[in-house]
1. Top mean-square fluctuation among HIS181, HIS360, HIS124, Gaussian network model of the chain, C-alpha springs under 10 Å?
2. With springs only between Cα atoms under 10 Å apart, run a GNM on the chain and tell me which of PRO242, PRO209, PRO347 wobbles the most.
3. Which whole-number percent is the relative contact order of the chain (Cα, under 8 Å, 6+ apart)?
4. Roughly how many nanometres apart are two label points built 7 Å out from the Cα toward the Cβ at ASN220 and ALA393?
5. Put a dot 7 Å past each Cα toward the Cβ at LYS185 and LEU158; how far apart are the dots in nm?
6. What does the highest-first list of 10-18, 310-318 look like by mean Cβ count within 10 Å?
7. Using r as the Cβ-Cβ distance of ARG364 and LEU68, and R0 as 25 Å, what FRET efficiency do you calculate, to the nearest 0.05?
8. Can you give the longest run of the chain that contains no GluC sites (Glu not before Pro) sitting in a DSSP loop with at most 12 other Cβ atoms inside 10 Å?
Amino acid sequence: MGHFAVIAPPLYSHFHALQALSQTLIARGHRITFVQQDDARLLLTDECIGFSTVGERSHPTGSLAQMLQHLASPLSLWRVISDIAASTDMLCRELPARLTSLQVDGVIADQMEAAGSLVAEALHLPFVSVACALPVNREPGIPLAVMPFRFGQDEKSLQRFQASQDIYDRLMQRHGAVISHHAQKWGLPDRHSLHQCLSPLAQISQLVPAFDFPRQQLPNCFHSVGLLRASKQPRVATAPWPELRQPVVYASFGTLQGHRFRLFLHLAQACRNQQLSLVIAHCGGLDANQVQQLERAGAAWVTDFLDQPAALQHAQLFITHAGLNSTLESLEWGTPMLALPLAFDQPGVASRIAWHGVGHRASRFSRVHQLEQHLQQLLTDDGYRLRISPIQAQLQRSGGCERAADIVEQALGQQRVVLAEAT
């Protein structure tokens, strides 16, 4: 059996998905070791998964909290880019010796951290690329994952996509310089962006074609497997689900954006005006006083964490930041969405929600009456649920962790290209 290293950005949603894949591989007899800065070990909850600390000098214990604060702030773009570049540089400097000492047989590399693929290639180790967020694979006519554009093939849309890509590449020059520097140092072909650091053996994505824009140029080793999650997910210990007046609306903005009190407040007021029961999960982002204010403003139940599948089962509508994991969970339960994207690939996910007609996209700056209009339309039109149905079916048969583990075993164990099945 193999020993595989997992290289991923120190973010909950990425570690959560890759931990689920790791658990499936461990159950098959493989050994898994995550390698990251020390704080990231707290993102793992399974003691069977190994963890190896790097970056003690440049990324000491306690430093991750500041990086997460930068990620959660809308005014920290340059600091976020600087953090990303510094993390990739640290991993590129320290991974070669660490992976050699760990005697790994292959690497599972998150698409969002270029160091995993760069170092694996430099050490002649087989590696697979995993897209926990929207894939970074580029092709003409498809907007970048971080862009908010609706899909279109008219000349104006194509020009917009290309111009935004050029702007993005200029903004990411600092990170691109780190990638280029280490590639040249190791004698690898020149590259400067994440999309140029993907595995030639196998690429795994949680996004399914039925929820993507129409792509034509994905590599033949690209596999859409749906949600990477534990087969038996532990339920969060919370109070029993209360008896609530119907319809129920569930709102959550994930682990990084749960502090958005003003936005939650506007949602509470809109739901009160429409006589809707609003359930809020703030993921620890609000204090007790803010929780009380939301309840006074009209929220039916405000808590830190809850069992999200249970919430989606009870709710007629999900108000989300459009993180990919939460969005795919909502689609699996057949729950329409009001997407209020805040950062990262969320604008791209929200654009897919609107384009496929499975919900609405709205600005986080929407006024209360605008939010009310969205709520009315989403709750009175059965068409949204009907349009979710084919996406839901594709997610249910996509294979998840078991199929992803099959692909990893073939790519890393047999060191061969794993071709996608014809659809």
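1. In this elastic network of the chain, the residue with the biggest mean-square fluctuation among HIS181, HIS360, HIS124 is HIS124.
2. PRO242
3. Values: 796 pairs, mean separation 70.5, N = 423.
Relative contact order comes out at 17 percent.
4. 2.9 nm
5. 4.1 nm
6. Values: 10-18: 21.7, 310-318: 20.0.
Packing order, densest peptide first, comes out as 10-18, 310-318.
7. Working: r = 19 Å, r/R0 = 0.77.
In this case the efficiency is close to 0.85.
8. Numbers: sites that count: GLU47, GLU56, GLU243, GLU421.
By the stated rule (loop sites, at most 12 other Cβ atoms within 10 Å), 57-242.
Values quoted throughout were computed directly from the atomic coordinates according to the rules given, and no laboratory measurement underlies them. Since the model is a prediction, treat every value here as computed from it, not as a measurement. Cβ: placed from backbone, ideal geometry, glycine included. Neighbour counts: every protein chain shown.
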